[in-house]
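The values are calculated or read from the model by the stated rules, or taken from the named source; none is laboratory data. Here the structure is a predicted model, which is why all the values come from computation and not from measurement. All Cβ positions, glycine included, derive from the backbone under ideal geometry; neighbour counts span all protein chains shown. Heads up: the accessible areas ignore ligands, DNA and RNA and are worked out on the full protein's heavy atoms, side chains in. Shrake-Rupley method; radii C 1.70, N 1.55, O 1.52, S 1.80 Å.
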Amino acid sequence: MAPAIAKPLLSDLVAQSGQVPSSHIRPVGDRPDLDNVDHESGAGIPLIDLEQLDGPDRHKVVEAIGSACETDGFFMVKNHGIPKEVVEGMLIVAREFFHMPESERLKCYSDDPKKAIRLSTSFNVRTEKVSNWRDFLRLHCFPLESFIDQWPSNPPSFRSALNENVYLSINTRTLKKSRREVVGTYSTEARKLALRLLEAISESLGLEKGHMVSAMGRQAQHMAVNYYPPCPQPELTYGLPGHKDPNAITLLLQDGVSGLQVQRNGRWVAVNPVPDALVINIGDQVQALSNDRYKSVLHRVIVNSESERISVPTFYCPSPDAVIAPANALVDDDHSLAYRPFTYQAYYDAFWNMGLESASCLDRFRPNKQVD
């Protein structure tokens, strides 16, 4: 009898075995400790209304964003400007993709992290010792015209009109577009929001409005369409372990299932989804550009035994050749230079090589330190 072929995707492996494989079981001292999590709503991250971000009360919104970046590193936004039907369309596309037959999904599979468009599992299957409870589709999406033709063409609805049931359930004209158009529209709207937030963050630091955006060079953007299947024993594994984002700013779209947790004062705090709100967090590049005034924060994803979870983080990044260095105006007698100049490519290579075994690799770019 021929040996069983290993399933490269978690969702198919689970369907075959119905249990947590040993490859995904964390050592005893490195498990989620799900009983020691703060689920109280009052402990959550700030919720900021962006309705006046371009209005007469802009300074109040900018101040709220600056305060959240300084104290939490995470915040939610409502009235963010991305149309509701575009948000709902993105989640529909994500779910339909991961519900395709295995043979169709595997046409996009690759474990090569250098590929701009790929389906994979965990985080970096080439280097990690324990796998994470996640499959993901990585889509680079800026400049959009450079990547959209490489996006998946299946299911057929990814590129053709939605069926009538979807029209009725969403009740929107936008979703009558092809799947690529729906995802492309979401990525374009997410970019607009990222730029508005980066301008507000610059202003909150007393810098010119365009400082952060300018410092990022030509810029880049990609998204991870994450799929977390139900887990028979969620206490044994992570969707993603504690980590900090390597990019500048992340915009997270979640379905209605909880999973994101943020570390605050040494304790994990659940960030439960809020209808029509997006979760925003600053990444390591904003920490560097702000000369440590604002901090990138540890966060993780836990899984559950009851339902699947879909999330779509959009990562807005400097271009690979952009040179990242703290703003001169933020270096003074009270604040010494926190980081030596580095290219984003050098930083990202170091981050990827370290993987998620370490919370952050920013310390490797402190003055008088060198990347190995």
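Quick notes on this one:
- Distance violations [Cα-Cα > 18 Å] among 60/209; 115/244; 244/295; 115/295: 115/244; 115/295
- Global form of the stretch 257-298, assessed from the alpha-carbon gyration tensor, a/c cut-off 1.5: oblate
- Principal semi-axes in Å for the chain [√(5λ), Cα gyration tensor, largest first]: 32, 25, 21
- Bridge type composition, the chain - antiparallel percent by DSSP, nearest 5: 90
- Portion, in percent, of the accessible area of the chain that falls on carbon or sulfur, probe 1.4 Å: 49
- Fully extending the segment from residue 114 to residue 346, taken as 0.36 nm per residue of separation minus the present Cα-Cα distance, adds 82.1 nm.
- Note on exposure: 343, 121 ranked by accessible area (1.4 Å probe, complete protein assembly) read 343, 121, with the most exposed listed first.
- Probe 1.4 Å, accessible area per residue of the chain, Å²: 45
- The alpha carbons of the stretch 209-346 give a radius of gyration and a Dmax of 17.0, 54 Å, in that order.
- Placing pseudo-labels 7 Å out from each Cα toward the beta carbon at residue 34 and residue 57 gives an inter-label distance of 4.0 nm.
- Taking every alpha-carbon pair in the stretch 41-146 and binning the separations at 5 Å intervals from zero gives 2, 9, 12, 13, 14, 15, 15, 11, 6, 2, 0 percent.
- Whether the stretch 287-336 is rounded, prolate or oblate, judged on the alpha carbon gyration tensor where a/c under 1.5 counts as rounded: oblate
- Alpha carbon centroid spacing (whole Å) that separates the stretch 33-69 from the stretch 278-327: 16
- Given charges at Cβ of Lys, Arg, Asp, Glu: the chain dipole, positive-most of 297, 71, 361: 361
- Largest to smallest in accessible area, the residues 37, 125 fall in the order 125, 37 (1.4 Å probe, all protein chains included).
- 222 nm mean residue ellipticity, helices alone, for the chain (DSSP H n ≥ 4; -39,500 (n - 2.57); rounded to 500): -8000 deg cm²/dmol
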